[in-house]
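Enquirer: Attaching a single structure in structure tokens format; questions to follow.
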Amino acid sequence: MQQSGAAGSRGCALFPLLSVLFFQGVYIVLSLEIKADAHVRGYVGEKVKLKCTFKSASAITDKLTIDWTYRPPSSSRTESIFHYQSFQYPSTAGTFRDRISWVGNVYKGDASISISNPTIKDNGTFSCAVKNPPDVHHNIPMTELTVTERGFGTMLSSVALLSILVFVPSAVVVVLLLVRMGRKAAGLKKRSKSGYKKSSIEVSDDTDQEEEDACMGRLCVRCAECLDSDYEETY
């Protein structure tokens with residue numbers, strides 16, 4: 001009797017263990033992998049995106065659901081701000097009323113949303129939950145949103161970036177053009193100087209050529225006259 005009781009107790013002890021392993025096995029097979037940015041920085045009045053992506057072992061169907069919730073700082077109260085199931089259902093009440101937009105694509109594993117006209121009061125923790133039956137077990141990533149005023153330093157850095165992207169290439173082009181023009185001017189100056197040295201020779205050569213042409217012309221005229229005179233005498 002004692003042995004049978006001991007065996008029974010061992011069986012009862014093993015059953016919970018097997019159940020845990022069984023459910024752990026199902027959890028691994030049917031789990032969803034969800035990723036979200038741990039920290040997101042936004043600026044007052046500028047739309048901010050809360051990125052959330054997921055991977056599911058099951059095909060995407062109309063049973064897939066996405067739920068975004070919000071928890072203010074130093075508070076345990078959560079607020080549903082967005083729901084998706086075949087259609088988009090942004091919050092129509094509360095802090096984020098008419099300010100949540102769907103920017104995801106479930107067929108690409110994207111469950112992201114955006115917040116328009118954010119304020120400092122929007123600071124807090126956002127969570128993204130996805131279920132795609134039979135894949136329903138998953139982690140729930142948290143995103144800490146920090147909204148601040150865009151300071152002078154940030155604006156200055158933006159101006160500096162704009163200058164780098166716009167004015168620096170233009171300056172490079174101008175410098176290259178000036179260098180090219182300078183080289184061209186130097187070449188012309190050099191050629192003009194070299195031409196000045198050869199000008200006397202070139203002028204003398206041209207003069208000699210003209211004299212030779214004149215002599216040849218006169219010689220031809222004299223030959224013609226001689227032929228004419230011989231023809232007349234024979235006649």
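Enquirer: Please go through segment 131-149 and pick out each residue that is in contact with an Asp or Glu (Cβ under 8 Å, 6 or more places away or on another chain) and open to solvent by less than 30 Å² (accessible area, probe 1.4 Å).
Expert: Listed by number, the residues that qualify are Thr143, Leu145, Val147.
Enquirer: Moving on to the next point. May I ask you to say which residue of Arg41, Arg77, Arg97 is assigned to a strand (DSSP E or B) and open to solvent by 60 Å² or more (accessible area, probe 1.4 Å)? Break it down into steps so the answer makes sense when it comes.
Expert: On the way: Arg77 fails: assigned to a strand (DSSP E or B); Arg97 fails: assigned to a strand (DSSP E or B).
That would be Arg41, the only listed residue that is assigned to a strand (DSSP E or B) and open to solvent by 60 Å² or more (accessible area, probe 1.4 Å).
Enquirer: If you check Lys55, Lys108, Lys47, Lys63, which single one turns out to be surrounded by fewer than 17 Cβ atoms within 10 Å (Cβ to Cβ) and in contact with a Gly (Cβ under 9 Å, 6 or more places away or on another chain)?
Expert: Being surrounded by fewer than 17 Cβ atoms within 10 Å (Cβ to Cβ) and in contact with a Gly (Cβ under 9 Å, 6 or more places away or on another chain) holds for just one of Lys55, Lys108, Lys47, Lys63, which is Lys55.
The values are calculated or read from the model by the stated rules, or taken from the named source; none is laboratory data. No experiment lies behind these values; they were computed from the predicted model shown. Methodologically, a virtual Cβ is constructed for each residue, glycine included, from the backbone with ideal geometry; neighbour enumeration extends over all protein chains shown. The area values use the complete protein model at the heavy-atom level, side chains included, leaving out ligands, DNA and RNA. Shrake-Rupley method; radii C 1.70, N 1.55, O 1.52, S 1.80 Å.
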